[in-house]
1. By its C-alpha gyration tensor, with a ≥ b ≥ c as the square roots of the eigenvalues, how is segment 93-135 shaped: rounded for a/c under 1.5, else prolate for a/b larger than b/c, else oblate?
2. Rank these by accessible area, largest first, 1.4 Å probe: Phe347, Phe436, Phe27.
3. Treating segment 1-47 as a set of equal point scatterers at the Cα positions, no solvent, please give the Debye-formula log₁₀ I(q)/I(0) at q = 0.18, 0.19 Å⁻¹.
4. For segment 323-397, restrict the atom set to alpha-carbon positions and state the Rg and Dmax in Å.
5. Just tell me which lysines come within less than 30 Å, Cα to Cα, of Lys246; anything on the same chain fewer than 8 places away is out.
6. Calculate the all-directions average of the projected area of segment 1-133's alpha-carbon convex hull, and give it in nm².
7. So what does Val271 come to for accessible area, using a 1.4 Å probe and Å² rounded to 10?
8. Please state, as a whole number in µm²/s, the translational diffusion coefficient that the Stokes-Einstein equation yields for segment 127-194 at 20 °C and 1.002 mPa s, with Rh defined as the Kirkwood radius across alpha carbon pairs.
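The values are calculated or read from the model by the stated rules, or taken from the named source; none is laboratory data. In this text the structure is predicted, and so the values were computed from the model without any measurement. A quick note on method: Cβ atoms are made from the backbone with ideal geometry, for glycine too, and the neighbour counts reach across all protein chains shown. Calculation scope for accessible area: heavy atoms of the full protein, side chains included, ligands and nucleic acids excluded. Shrake-Rupley method; radii C 1.70, N 1.55, O 1.52, S 1.80 Å.
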Amino acid sequence: MRGLRGRLSLAVLAVVAIALIAMAAIFNVVLDNRLSADANNILRSRAAAELAALTTVNGHLMVREAPDDAALDTRLWVFAGRTEVEAPAGSPPKLRRAVARLVGGPQRRVGVSDPDQRLLAVPVEHGGRRLGTVVAGVSLKPYEQTRRTALIASLILCAGVLAVVLFTARWAIARALRPVSRMTAQAAKWSEADLDRRFALGDPRDELTQLAATLDGLLERQSAAMRHEKRFSAEISHELRTPLAKIRAEAEIALRRRRTPAAYRDALATVLNTAERMSAVVDTLLVAARAEGEGAQRTCDAVRVASVAADTCRELSAQRGVTVSVNGADEPIRVAADEDVVERILFPLIENGCRYAAGAVSVHVEEDGRRAVIRVVDDGPGVAPDELRKIFQPGERGRAAGDDSRGAGLGLALARRLARQVGGEIVAEPAPGGRFTVELPRSDS
């Protein structure tokens with residue numbers, strides 16, 4: 001027998017076999033004691049009946065004749081002193097020698113193996129004086145036959161019960177495991193063709209529903225992983241197409257005809273800037289994929305991360321002549337999100353502020369109940385009311401960007417996606433000025 005069904009059947013068979021063997025052993029021991037007690041009772045009854053049939057005449061032991069003497073068992077010996085008064089005819093020599101050894105001794109019981117007999121010797125006394133001995137015997141052959149019959153019957157019964165138990169156990173286990181096999185096959189089929197199928201048996205109530213819930217969770221994780229992979233691939237393909245086309249176009253234009261060193265430098269600067277944007281897009285997509293795939297999240301200080309994100313934009317703010325300030329509480333404001341995730345959420349907001357602000361960008365970090373609120377405000381043209389939702393779509397940019405082609409239109413979309421993955425949100429407020437509010441769940445640790 002192989003597999004779980006075979007192992008379970010063998011386990012059940014072993015347990016039942018041990019129980020049956022123990023019960024059969026106990027039964028045979030109890031039966032043996034009962035038969036031995038019955039044989040002893042018969043010996044005592046025969047000896048008592050023979051003692052009642054004895055009498056004394058002038059101090060001599062005599063056997064009285066009784067009408068039912070013929071009914072008495074012939075396995076009785078009566079001795080007056082050491083003289084045999086009565087004895088069964090045809091007794092084997094070995095049996096007679098065993099009886100002779102009992103004469104004159106105390107009351108006792110002995111066994112004789114050939115023939116299989118049990119003897120009981122009882123002293124005969126009168127007036128405080130011992131007159132003789134009565135020896136009663138009983139054949140043990142019927143009892144031995146009963147023992148053998150009971151042993152064989154118990155063994156046959158145990159074998160029959162084991163056969164029935166084995167058949168029943170295999171049938172019951174196969175019936176119990178059939179839904180498990182069916183669920184396993186369905187889960188394997190769904191994982192290949194339809195990741196959205198679920199068993200949906202409700203809350204776990206027993207082993208089967210617990211297995212269904214576990215498989216549902218496994219399928220859900222696999223489905224989420226596949227969705228993440230497809231989304232990541234699609235976003236990589238979609239978002240890198242534009243910067244790659246721009247790099248190719250710049251290279252083709254630069255190679256089409258001879259240009260001045262300054263023109264070559266401008267082309268290379270454009271290629272370098274676009275490559276940096278591509279690198280930022282890839283990094284952000286990787287952070288988004290990792291944040292979406294991880295179950296447990298770490299915590300970080302929102303004020304410190306906001307300062308790090310502002311420092312990342314220091315070169316751009318210096319080029320544009322924009323001042324970036326970060327204002328927060330003296331005590332850390334911890335949020336339930338990884339530091340890299342929070343930085344990727346804030347970076348595109350601060351970068352946009354540095355790119356379009358007239359002269360200042362301010363980042364305010366504060367607590368609001370169970371949330372941490374981060375506001376990024378700049379004195380630029382801001383976002384038009386009809387663009388408040390549009391700018392968060394991949395590839396979309398606001399009118400304030402004008403002809404600026406340095407962005408891929410992905411920063412705000414990914415920032416909102418990252419914020420929502422950690423249980424937060426990003427909203428934009430209409431002009432005047434650029435105003436973005438980030439809400440993130442706080443952490444108690």
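1. On the way: a/c = 3.73, a/b = 2.48, b/c = 1.50.
Here segment 93-135 falls in the prolate category.
2. Working: Phe347 40, Phe436 15, Phe27 105 Å².
I get Phe27, Phe347, Phe436, largest accessible area first.
3. Values returned for q = 0.18, 0.19 Å⁻¹ are -0.66, -0.69.
4. 13.7, 38
5. Partners within reach: Lys230, Lys390.
6. Details: hull surface 50.2 nm².
Dividing the Cα hull surface by four gives the mean projection, 12.6 nm².
7. For Val271, the solvent-accessible surface is approximately 40 Å².
8. Taking Rh from Cα pairs, D becomes 116 µm²/s.
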